[in-house]
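Working notes, structure below.
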Amino acid sequence: MRVSQNSAKKVVGVLALQGAFDSHERMLSELDVATQEVRTPQDLSVVDALIMPGGESTTMSQLLESSELYEPIKKMIHEGMPVFGTCAGMILLAKRIFDGRDDQVSFNAIDIEVQRNAYGRQVDSFEAEIQVERLDGAFHAVFIRAPRIVNLSPDVEVLAKFGSDVVLARQKNVLVAAFHPELSDDKRVHEMFVKEI
Ligand code: GLN
């Protein structure tokens with residue numbers, strides 16, 4: 001499905017320091033959205049929105065600081081830039097991280113507390129059909145060493161649950177998923193994000 005002409009002109013950045021950024025790019029391209037890999041403040045300066053992919057949040061945290069992207073991204077998020085974090089990206093956007101590294105930074109952009117690798121060893125990766133608000137039919141969600149939202153403020157809108165856990169949520173310009181929507185063929189969650197831009 002095509003997005004509106006207006007949003008097709010916007011550029012969606014994909015944080016490309018580490019992790020599964022290429023799958024997000026492919027999905028955005030299939031939605032006819034222009035993308036930009038973001039590795040430097042220069043790359044960041046041309047984007048209207050940003051996706052933070054899955055990967056390893058502790059490594060991304062270090063690279064965000066060494067690339068000097070942390071401060072400008074933080075400023076843009078707090079000024080209202082739409083941002084979508086999946087898995088490790090969700091950890092980076094959270095207010096508080098449990099079981100992270102002591103020096104791990106986060107953007108404190110959404111009022112949730114997350115626990116890293118919270119689904120334990122045996123089920124550290126799994127797939128599930130979830131029901132997403134405003135989408136008809138189930139969404140096939142892939143969880144890989146997923147973080148769990150262990151606390152969230154009433155200001156955070158719940159968009160999907162897996163059992164009793166919130167796995168897709170939004171607060172203002174910040175959308176987060178504990179799973180990897182870029183790893184299924186279903187573009188509807190990305191489409192939901194792109195429509196907000
Ligand atoms: N466990 C990873 C972390 O803490 C996240 C896993 C993922 O993004 N697939 O960064």
Review point. Which one of the conditions (1) in contact with a His (Cβ under 8 Å, 6 or more places away or on another chain); (2) more than 18 Å from GLU37 (Cα to Cα); (3) near the ligand (Cβ under 10 Å from one of its atoms) does GLU129 fail to meet, given that it meets all the rest?
Key: (3)
Check your understanding: Scanning for something over 25 Å from PRO82 (Cα atoms) and either crowded, with 20+ Cβ neighbours inside 10 Å or not hydroxyl-bearing (Ser, Thr, Tyr) (or both), does segment 102-111 turn up at least one residue?
Key -> yes
Exercise for review: Could you tell me which of the residues GLU56, GLU71 is farther than 20 Å from VAL189 by Cα, acidic (Asp, Glu) and either in contact (Cβ under 8 Å) with a residue 12 or more places away in the chain or within 16 Å of the ligand (Cβ to nearest atom) (or both)?
Suggested key: GLU56
Review point. For segment 133-165, what are the residues that are assigned to a loop (DSSP other than H, G, I, E, B) and within 23 Å of HIS24 (Cα to Cα)?
Key: GLU133, ARG134, LEU135, ASP136, GLY137, ALA138, ARG145, ALA146, PRO147
Practice item. Give me the pairs, please: first residue somewhere in segment 173-190 and closer than 22 Å to ALA118 by Cα and modelled with pLDDT of 95 or more, second residue anywhere and surrounded by fewer than 24 Cβ atoms within 10 Å (Cβ to Cβ) and of a type in the set (Lys, Arg), beta-carbon distance under 9 Å, and either six or more positions apart or on two chains. Key: VAL176/ARG170; ALA178/ARG148; PRO181/LYS187; PRO181/ARG188; GLU182/ARG26
Check your understanding: Does segment 160-184 hold any residues that are touching a helix residue (DSSP H, G or I) at 6+ places or on another chain (Cβ under 8 Å) and more than 16 Å from the ligand (Cβ to nearest atom), and which are they?
Key -> ASN173, VAL174
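Please find, among PHE84, PHE107, the residue that is assigned to a loop (DSSP other than H, G, I, E, B) and modelled with pLDDT of 95 or more.
Values: PHE84 fails: assigned to a loop (DSSP other than H, G, I, E, B).
It is PHE107.
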Check your understanding: In segment 52-72, how many residues are closer than 16 Å to GLN18 by Cα and not in a loop (DSSP other than H, G, I, E, B)?
Key -> 12
Practice item. Test MET76 against the criterion of being near the ligand (Cβ under 10 Å from one of its atoms) and either in contact (Cβ under 8 Å) with a residue 60 or more places away in the chain or surrounded by 18 or more Cβ atoms within 10 Å (Cβ to Cβ) (or both), and give yes or no. Key: no
Review point. Which of the residues spanning segment 166-180 are assigned to a loop (DSSP other than H, G, I, E, B) and either among the small types (Gly, Ala, Ser) or surrounded by 20 or more Cβ atoms within 10 Å (Cβ to Cβ) (or both)?
Key: ALA178, PHE179, HIS180
Study note, to complete from the structure: Within segment 33-57, restricting to residues that are of a type in the set (Ser, Thr, Tyr) and surrounded by 16 or more Cβ atoms within 10 Å (Cβ to Cβ), the one that is nearest to the chain's Cα centre (by Cα) is SER57
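The values are calculated or read from the model by the stated rules, or taken from the named source; none is laboratory data. Bear in mind that the values here come from a model prediction, so they are computed numbers and not experimental data. FYI the Cβ positions are ideal-geometry reconstructions off the backbone, even for glycines, and counts take in every protein chain you see.
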